[in-house]
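The values are calculated or read from the model by the stated rules, or taken from the named source; none is laboratory data. Being a predicted model, the structure only gives us computed values, none of them experimental. Using ideal geometry, Cβ is built from the backbone for each residue, glycine included, and neighbour counts are taken over all protein chains shown. What goes into the accessible areas is simple: the full protein's heavy atoms, side chains included, and nothing from ligands, DNA or RNA. Shrake-Rupley method; radii C 1.70, N 1.55, O 1.52, S 1.80 Å.
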Amino acid sequence: MEKRYVFLVTVVCTSLALTLLVVHWRHIRSVTVELMDLERRVRALQKGQEWWNEGVCCPSGTCCGCQVWESPKFGGSRGKRDLSSPGKIRQKRQKRRSFLHLIPASAHSNDERDLTVLTWALGQIQGAGLQASGETITVATEGNYFIYSQVLYKDTTWVMGHVITKRLKGAETKLMKCLKSMPSNDSVNTCYTAGVHFLESGSVLELSIPRKSAELILVAHATFMGIFSI
């Protein structure tokens, strides 16, 4: 019995050792291939030849996040040029984008229009392409914009919702609508909507609930509206 146990232990240990040797050998082979590839690239650079990594550099010498040696046949000098990284390019683009996030300040009824309209406070803002004033957002720079909104309702009506309207040169257009069924127990629910629209300079946006005296919960993490250029 003891001999059989010793034999099994020996077999298991031998199998584990062989497995570790195979894994170690594969790792060494992988490292060797990488070193050979790196050496081949270094030799090419030392000879003044171009070496492009597929998906990173292109024959025009324009690269993204790498350093290249320019060959005289492409009109460049044999020197190393440090190019801008993708992160820096994204940061520059983001600085040019306009962004606006609004949080609720108050709500009041418009009896003539049978609406409840929200008055907003400024949460965050970036750029000069968007302006907020009371109940509305004014677009100063035309372009494509991503618009989003959410309202938290506490109402006994069986369905609640809101509308985002655009007014421009006397014309009124409903850009987005949001409808939500209200639960029968506590009658509290949120309605979220979002979309992409082209907005002309001078466009005025307004969020309203198509029902006067609507019961809303005005907290910044549950009721909000935002827009940013894309």
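Details
- For segment 135-180, diffusion coefficient by Stokes-Einstein and Kirkwood Rh (Cα), 20 °C, 1.002 mPa s, µm²/s: 166 µm²/s
- Part-to-part distance (alpha-carbon centres) for segment 215-230 and segment 146-195, which is given in Å: 11 Å
- Accessible carbon and sulfur surface of segment 165-230 relative to its total accessible area, %, 1.4 Å: 52 percent
- Of the residues Tyr148, Tyr153, Tyr192, ranked by 1.4 Å probe accessible area with the largest first, the sequence reads Tyr192, Tyr148, Tyr153.
- Residue-wise HN-Hα coupling along segment 140-148, computed from phi with Karplus coefficients 6.51, -1.76, 1.60 (Hz; x: Gly, Pro): 8, 10, 5, x, 8, 10, 9, 10, 9
- Using every pair of separate Cα atoms, the Kirkwood estimate puts the hydrodynamic radius of segment 106-218 at 14.9 angstrom.
- Set of segment 214-230 residues, backbone N closer than 18 Å to the point 7 Å along the Cα-Cβ line of Ala128: 229
- Computed over every Cα-Cα pair of segment 155-229 and binned at 5 Å starting from 0, the pair-distance distribution P(r) comes out as 3, 13, 24, 23, 16, 12, 6, 3, 1 percent.
- Amide H contacts under 5 Å for Ala140, placed H, 5+ residues apart: Leu130, Gln131, Gly202
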